[in-house]
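Working notes, structure below.
The values are calculated or read from the model by the stated rules, or taken from the named source; none is laboratory data. Remember, predicted model here, so these are calculated numbers, not experimental data. Because the Cβ atoms are built from the backbone with ideal geometry, glycine has one as well, and the counts that use them run over all protein chains shown.
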């Protein structure tokens with residue numbers, strides 16, 4: 001474990017680098033990561049696709065720190081990772097067919113933009129016109145963090161805006177250095193490519209970004225579920 005201390009705005013931040021298995025993250029690592037997030041810190045850790053930046057979704061101040069370290073424009077909302085479909089259904093109205101579709105693709109590398117989201121819980125930086133990008137990742141670590149944090153955490157890739165997404169924690173460290181409070185190293189991300197992003201609005205599905213899952217495969221699943 002590497003610990004670096006430095007002074008910033010009259011308070012001491014602690015940066016740590018810890019290792020834990022991808023599929024069975026240690027409880028102590030999850031608990032420490034959650035402690036960092038609830039105290040306004042930023043955590044970098046593994047998802048099933050690439051390494052991500054995790055923070056509390058309920059505070060403008062905390063979300064702004066993610067924008068700051070990523071050097072990301074604030075007019076580009078961050079995606080959100082959810083612990084499970086039940087959490088998603090607390091903020092998105094799902095009919096039986098849409099729920100069946102989500103159960104078929106989640107947990108997994110597909111991010112869905114919904115336009116009928118109750119954004120009242122979240123930082124105003126995460127929603128645009130009641131639309132938000134949501135994903136339930138296959139990686140246990142961010143799902144556990146989201147569950148501890150009321151169902152949701154930020155889920156943007158751990159890169160500077162416009163730069164390649166990191167496949168290893170070392171890649172993220174090169175981008176951010178000591179601007180991150182806690183790095184969680186679980187080896188190389190399994191899928192090695194970002195999630196596919198789609199939108200589902202007014203019953204229509206559309207591709208926003210091609211990623212780990214081919215859009216044609218997604219549309220086939222979607223239309224099959226809509227016919228059921």
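Filter region 96-121 down to residues that are modelled with pLDDT of 95 or more and more than 24 Å from residue 193 (Cα to Cα), then give me how many there are. So the answer is 5. Checking residue 225 against (1) farther than 30 Å from residue 37 by Cβ; (2) free of Cβ contacts under 8 Å to residues at least 24 places away in the same chain; (3) assigned to a helix (DSSP H, G or I), which single condition isn't satisfied? So residue 225 meets the others, but not (2). Within region 132-141, restricting attention to residues that are within 10 Å of the chain's Cα centre (by Cα) and either in contact (Cβ under 8 Å) with a residue 60 or more places away in the chain or in a loop (DSSP other than H, G, I, E, B) (or both), the residue that is farthest from residue 49 (Cα to Cα) is 133.
Going by what's in this entry, would residue 213 be described as touching a strand residue (DSSP E or B) at 6+ places or on another chain (Cβ under 8 Å), farther than 23 Å from residue 66 by Cα and in contact (Cβ under 8 Å) with a residue 24 or more places away in the chain? Yes. Here residue 180 passes the criteria (1) surrounded by 23 or more Cβ atoms within 10 Å (Cβ to Cβ); (2) out of contact with any helix residue (DSSP H, G or I) (no Cβ under 8 Å at 6 or more places or on another chain) except the one numbered (2). Restricting attention to region 147-170, the residues that are out of contact with any strand residue (DSSP E or B) (no Cβ under 7 Å at 6 or more places or on another chain), surrounded by 15 or more Cβ atoms within 10 Å (Cβ to Cβ) and outside any loop (DSSP other than H, G, I, E, B) total 2. Among the residues of region 33-50, those that are within 19 Å of residue 68 (Cα to Cα), out of contact with any strand residue (DSSP E or B) (no Cβ under 8 Å at 6 or more places or on another chain) and either free of Cβ contacts under 8 Å to residues at least 24 places away in the same chain or not in a loop (DSSP other than H, G, I, E, B) (or both) comprise 38, 39.
Filter region 171-215 for residues that are assigned to a strand (DSSP E or B) and more than 18 Å from the chain's Cα centre (by Cα) and give the result. Explain how you work it out, then say what you get.
Restricting attention to region 171-215, the residues satisfying the condition of being assigned to a strand (DSSP E or B) are 182-185, 196-201, 204-209.
Passing the criteria: 200, 201, 204, 205, 206, 207.
Take the conditions (1) surrounded by 14 or more Cβ atoms within 10 Å (Cβ to Cβ); (2) under 24 Å from residue 100 (Cβ atoms); (3) touching a helix residue (DSSP H, G or I) at 6+ places or on another chain (Cβ under 8 Å); (4) modelled with pLDDT under 95; residue 131 misses just one of them, which is (3).
Scoring residue 144 on the criteria (1) within 17 Å of residue 44 (Cα to Cα); (2) out of contact with any helix residue (DSSP H, G or I) (no Cβ under 8 Å at 6 or more places or on another chain); (3) outside any loop (DSSP other than H, G, I, E, B) leaves a single failure, condition (2). Is it fair to say residue 86 is surrounded by fewer than 15 Cβ atoms within 10 Å (Cβ to Cβ), closer than 12 Å to residue 125 by Cα and out of contact with any helix residue (DSSP H, G or I) (no Cβ under 8 Å at 6 or more places or on another chain)? No: the conditions fail for residue 86.
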